[in-house]
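This report refers to the structure that appears directly beneath it.
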Amino acid sequence: MSDLVTGDAVVLGLRPARVPSRALAFALDLFVYLTGYLLISVGLLVATASLDEAAAAAVTVASFVLVLVGVPIAVETLSHGKSLGKLACGLRVVREDGGPIRFRHALVRGAMGVVELLATFGSVACIASLVSERGRRLGDVFGGTLVIRERVPGARVMPVPAPPPWLAGRFAGLDLSAVPDGLWLAVRQYLTRMNQLDPAIGAAMAAKLADELVLRTGAPPPAGVPAAAYLMAVVHERQSRDAARAFGRPPWQEHQQQGVAAARPYPAQVQAPVPYAAPVEAAAPAAPSPEAAPSRPAGGSGFAPPS
């Protein structure tokens, strides 16, 4: 679910970088790394003049791997996807859901880059990017990443709206490990542009996305919570967890939870999740059975309608 198309044929998606801008960014990075590698090689050549031939070759190979493979991985990890070349070209490496990359993403990209960028002089990466719909090379495919354009003329980055204060801490115990990156991307895209959509279409899209989140988390929809507010609260819960893992407990979360007397954790496991807005089949109404009560409300949604 990488691209979400509305009823008005509006695609809610990121702006992927294409081959020319990515090639320019890689050329700048390669120039910097090769310059550093040559300087280090000269220093090592002087320092290892007394070593035998095998030891000197081992030091040369180690310096090559460290400078041309290890340094790019460290730079992308510490800068959250912005190397010097990408910074100059206005590019950034992000996860498929639009979030910042971590070490495992940079490691896969760097390992694959040795083959498709250095060993084949970028030919494999160019072919893969031209074939891919979003300009992804093999390192992006295996690493679950995407290179996007941050500086777009006339475009403004829209933050994810904050959830209502009464939902603070309510989903602290929700299990989000089974939610794929594609679904997170679709939810983020909807939340950043939901005010630009027709109200009826936006409500239907929110119910559909909330349905998928409910099925992935294995928890029933909370009663009395609109679909859009549910999406906001869950996305902010994931963002707070990412921030806690990267930087520790964020200050805004401490101030936010000070106003909550008792944060009720969301139930982590239930036996039968209730869908948000299941499709209504056109069939004759069946007579109600006295032995079995209906499993969900008549509207097919566990969330309150938008006010």
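The values are calculated or read from the model by the stated rules, or taken from the named source; none is laboratory data. All values derive from a computational prediction rather than experimental measurement. All Cβ positions, even for glycine, are placed from backbone atoms using ideal geometry, and neighbour counts span all protein chains on display. Heads up: the accessible areas ignore ligands, DNA and RNA and are worked out on the full protein's heavy atoms, side chains in. Shrake-Rupley method; radii C 1.70, N 1.55, O 1.52, S 1.80 Å.
Evaluate the following for LEU185: is it modelled with pLDDT under 85, open to solvent by less than 20 Å² (accessible area, probe 1.4 Å) and either within 27 Å of ARG92 (Cβ to Cβ) or outside any loop (DSSP other than H, G, I, E, B) (or both)?
Values: modelled with pLDDT under 85: yes; open to solvent by less than 20 Å² (accessible area, probe 1.4 Å): yes; either within 27 Å of ARG92 (Cβ to Cβ) or outside any loop (DSSP other than H, G, I, E, B) (or both): yes.
For LEU185, the condition - modelled with pLDDT under 85, open to solvent by less than 20 Å² (accessible area, probe 1.4 Å) and either within 27 Å of ARG92 (Cβ to Cβ) or outside any loop (DSSP other than H, G, I, E, B) (or both) - is met.
Every residue in the stretch 126-139 that is outside any helix (DSSP H, G or I) and closer than 16 Å to ALA27 by Cα, please. Write out each step before concluding.
Just the residues of the stretch 126-139 that are outside any helix (DSSP H, G or I), to begin with: 132-137.
Scanning the stretch 126-139 gives a single hit, ARG137.
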- Item | Number of the exception - VAL61 against (1) in contact with a strand residue (DSSP E or B) (Cβ under 9 Å, 6 or more places away or on another chain); (2) farther than 27 Å from SER129 by Cα | (1)
- Could you count how many residues in the stretch 88-113 are modelled with pLDDT of 90 or more, more than 12 Å from THR77 (Cα to Cα) and out of contact with any strand residue (DSSP E or B) (no Cβ under 8 Å at 6 or more places or on another chain)? 5
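Could you please find all residues in the stretch 107-125 being of a type in the set (A, V, I, L, M) and either buried (at least 21 other Cβ atoms within 10 Å of the Cβ) or part of a loop (DSSP other than H, G, I, E, B) (or both)? Working first, answer last.
Taking the stretch 107-125 first, the residues of a type in the set (A, V, I, L, M) are 107-108, 111-112, 114-115, 117-119, 124-125.
If the condition is that a residue be of a type in the set (A, V, I, L, M) and either buried (at least 21 other Cβ atoms within 10 Å of the Cβ) or part of a loop (DSSP other than H, G, I, E, B) (or both), then LEU117, ALA125 are the ones that fit.
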- Members of the stretch 35-47 that are under 30 Å from GLU150 (Cα atoms) and surrounded by 13 or more Cβ atoms within 10 Å (Cβ to Cβ): GLY36, TYR37
- For residues in the stretch 66-98 being polar (S, T, N, Q) and open to solvent by 20 Å² or more (accessible area, probe 1.4 Å), which is nearest to LEU24 (Cα to Cα)? SER79
- Task: Among the candidates VAL141, VAL147, VAL67, VAL94, single out the residue that is among the β-branched types (Val, Ile, Thr) and more than 21 Å from the chain's Cα centre (by Cα).
- Result: VAL67
- Query: Residue check, SER50 against (1) free of Cβ contacts under 8 Å to residues at least 60 places away in the same chain; (2) surrounded by 13 or more Cβ atoms within 10 Å (Cβ to Cβ); (3) over 30 Å from ARG238 (Cβ atoms), all met but one. Which one?
  - Reply: (2)
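One line per residue, one yes/no per condition, for (1) small (Gly, Ala, Ser); (2) in contact with a strand residue (DSSP E or B) (Cβ under 9 Å, 6 or more places away or on another chain):
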| site | (1), (2) |
| --- | --- |
| VAL147 | no, yes |
| PRO164 | no, no |
| ALA168 | yes, no |
| ALA172 | yes, no |
| GLN196 | no, no |
| GLY202 | yes, no |
| GLU212 | no, no |
| LEU215 | no, no |
| TYR230 | no, no |
- Is there any pair with a first residue in the stretch 79-106 that is assigned to a strand (DSSP E or B) and a second that is open to solvent by 50 Å² or more (accessible area, probe 1.4 Å) whose Cβ atoms are under 7 Å apart and which are 6 or more apart or on different chains, and what are they? LEU91/ARG149; LEU91/GLU150; ARG92/LYS82; ARG92/GLU150; VAL94/PRO100; PRO100/HIS80
- Message: If I filter the stretch 168-179 for residues that are over 20 Å from ASP97 (Cα atoms), in a helix (DSSP H, G or I) and open to solvent by less than 40 Å² (accessible area, probe 1.4 Å), do I get at least one hit?
- Response: no
- Residue check: is THR145 open to solvent by less than 30 Å² (accessible area, probe 1.4 Å) and β-branched (Val, Ile, Thr)? yes
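Among ALA229, ALA233, which is touching a Lys or Arg at 6+ places or on another chain (Cβ under 9 Å), farther than 19 Å from ARG95 by Cβ and either part of a helix (DSSP H, G or I) or at pLDDT below 85 (or both)?
Values: ALA229 fails: touching a Lys or Arg at 6+ places or on another chain (Cβ under 9 Å).
ALA233 is the lone residue from the list that is touching a Lys or Arg at 6+ places or on another chain (Cβ under 9 Å), farther than 19 Å from ARG95 by Cβ and either part of a helix (DSSP H, G or I) or at pLDDT below 85 (or both).
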- Item | Within the stretch 216-232, tally of residues that are open to solvent by less than 40 Å² (accessible area, probe 1.4 Å) and either hydrophobic (A, V, I, L, M, F, W, C) or under 27 Å from ILE101 (Cα atoms) (or both) | 10
- Query: How many residues, within the stretch 148-167, are surrounded by fewer than 16 Cβ atoms within 10 Å (Cβ to Cβ) and either of a type in the set (Phe, Trp, Tyr) or at pLDDT below 80 (or both)?
  - Reply: 10
- Task: For the stretch 198-215, indicate whether the set of residues that are under 13 Å from VAL160 (Cβ atoms) and either open to solvent by 10 Å² or more (accessible area, probe 1.4 Å) or among the hydroxyl-bearing types (Ser, Thr, Tyr) (or both) is non-empty.
- Result: no
